Amino acid sequence: MDDEMRRQIALFRYGLIAPLLQQSPRGAQKPILEATAKQTYTLPNGEVRQFSERTLERYLANYRKDGLDALYPEQRADQRRPRVLPQSVIERAIALRKEQPLRTVEQLVVMLETEGLAPEGFIRRSTLAAHLRKAGVERAKTLRKQRTWQRYTANEVHEIWQCDICDSLRIPDPASSGKMRVARLVAVLDDKSRYICYAFFSFRENLPALEHALKKAIISHGTPHVFYCDNAKIFQSAQLSEVAARLGFEIRHSRPYLPQGRGKLEKFFGYMERSFRPEAELCVQRGTIANLDDLNRYFSAWLEKMYHQRVHSTLKKRPVAVMESHGPLRLVDPVVLEDAFQWTYTAKVDKTACIRVQGNTYEVEPILVGQTVSLRYDPYNLARIQVWWEGKQYADAVPLKLRRHTDKRVTQADAKTDEPTVKPGISFLETISTQREQERKEKLGRTSFVRTTKEGERT
């Protein structure tokens, strides 16, 4: 089993125990353990199996002791030995699956053993499942039934965050000679207060944009207990799962084609489209919004002065007032936060103890020659890359030829955080933006600074 598969299995195991991390008393854990143990899961390697309560408790204890690295599976002693499944067994399994697409891999194994095609225990479910996927005969999913919905709200602030992306207005893109492009709003909403922990507009709907929003929200508010999102590709990424595992929160996905669970965020998007978008389109026509920086500055002012201060129709309170009632925040050490958001990449070390990453050449320890190593790095800084092999960290890779300083999947615009200067003009958004800036200056003016002597006396 290679390092990448071991990493995926570790993240899968974390997903099993994530709901248990916030339940300290054993009495609260027991129902979750029982429900988890009754379900059948498909592992990243294709194996279909169940997990006993004892196994789940062991995963939980290991994670609490040594973190995500403790969930990595140990290397098999026979990992380089071939395990061959006869072609006759594969063909019969395919025929049985085609006969009844709802048959599970476990049922197929029992049927093949009953027919005498293989001795008991010879067929591994993961191996058979991989052959069935390759043949294009995966198990059919049952039809969904009609169901009713009930309203749900988190019990505490920062218990559940919802995240989604909404296509909005078209604005000029200076990087494309002023061509009009769709701006997409990435938003993170607190379920209890309806407060927007962080949101910004981007031209891209990709992992860097999602990570930027999540990281900014965590810096300001700490980590949630649950991060709730849909099943889009960026929310299913192993990178996001690893961030959650290293920072200790759970990722939950809404069921495909059932967006009702994200209704609170959808309502925010609807209000934004009715309230902010018309004013922003007017600014685009007047030329006061000429790029993403302008749009995000106006949006930030609108969010703070309008949405957060508006009495919510369901809560009967302002989101900012509910947010102030939060308990202790689960703040994250900056060093831990940076490590958690590192990206992972695998590369093979050549005979000269060098690796190549996106056109850059690095030198690693000679002992790693011929091995496929895991690399961890900040996508905005390719000058420093950590080197890992079989769960052990080696000396950082030494740059020999550095042609790129950032990952090709991100741009400098993704990393930019400076607020731009607003162009002159008259509009509703400019008015509230000016008010917001004035309030900031007044707060700073009321702040007093005290100088102390070496003995600690105030002067």
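One table, with the values for the structure above:
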{"quantity": "Residues that are in contact with a strand residue (DSSP E or B) (Cβ under 7 Å, 6 or more places away or on another chain) and either assigned to a helix (DSSP H, G or I) or crowded, with 16+ Cβ neighbours inside 10 Å (or both), drawn from the stretch 229-239", "calculated": "CYS229, ASP230, PHE235, GLN239"}
{"quantity": "Complete set of residues in the stretch 336-362 that are farther than 16 Å from ASP407 by Cα and small (Gly, Ala, Ser)", "calculated": "ALA340, ALA353"}
{"quantity": "Enumeration of residues in the stretch 124-138 that are of a type in the set (A, V, I, L, M), touching a helix residue (DSSP H, G or I) at 6+ places or on another chain (Cβ under 7 Å) and assigned to a helix (DSSP H, G or I)", "calculated": "LEU128, ALA129, LEU132"}
{"quantity": "Matching option when the condition is in contact with a Leu (Cβ under 8 Å, 6 or more places away or on another chain), buried (at least 20 other Cβ atoms within 10 Å of the Cβ) and modelled with pLDDT under 90, among ILE165, ILE171, ILE123", "calculated": "ILE123"}
{"quantity": "Strands (runs of 3 or more DSSP E) fully within the stretch 338-402 counting 1 or more residues that are closer than 27 Å to GLU74 by Cβ", "calculated": "343-348, 354-357, 372-378, 381-389, 392-401"}
{"quantity": "Criterion (hydroxyl-bearing (Ser, Thr, Tyr), surrounded by fewer than 16 Cβ atoms within 10 Å (Cβ to Cβ) and within 25 Å of the chain's Cα centre (by Cα)) met by exactly one of TYR59, TYR41", "calculated": "TYR41"}
{"quantity": "Some residue of the stretch 355-378 being surrounded by 14 or more Cβ atoms within 10 Å (Cβ to Cβ), on the phi > 0 side of the Ramachandran plot and assigned by TED's automatic domain parsing to the domain that holds ARG404", "calculated": "no"}
{"quantity": "Only one of ARG409, ARG404, ARG318 that is closer than 30 Å to LEU185 by Cα and surrounded by 14 or more Cβ atoms within 10 Å (Cβ to Cβ)", "calculated": "ARG318"}
{"quantity": "Any hit, the stretch 134-157, residues being crowded, with 18+ Cβ neighbours inside 10 Å, more than 15 Å from ALA95 (Cα to Cα) and at pLDDT 80 or above", "calculated": "yes"}
{"quantity": "SER254 being surrounded by fewer than 17 Cβ atoms within 10 Å (Cβ to Cβ) and either in the same structural domain as SER313 (by TED's automatic domain parsing) or modelled with pLDDT of 90 or more (or both)", "calculated": "no"}
{"quantity": "Failed condition for VAL311, given (1) outside any helix (DSSP H, G or I); (2) within 27 Å of the chain's Cα centre (by Cα)", "calculated": "(2)"}
{"quantity": "Contacts under 7 angstrom Cβ, first residue in the stretch 315-334 being more than 17 Å from PRO224 (Cα to Cα), partner exposed (fewer than 14 other Cβ atoms within 10 Å of the Cβ) and of a type in the set (A, V, I, L, M, F, W, C), 6 or more apart", "calculated": "LYS317/VAL311; ARG318/VAL311"}
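The values are calculated or read from the model by the stated rules, or taken from the named source; none is laboratory data. A quick note: this is a predicted structure, and the numbers were derived from the prediction, not measured. Positions of Cβ are generated from backbone atoms using ideal geometry, with glycine treated the same way; all protein chains shown enter the neighbour counts.
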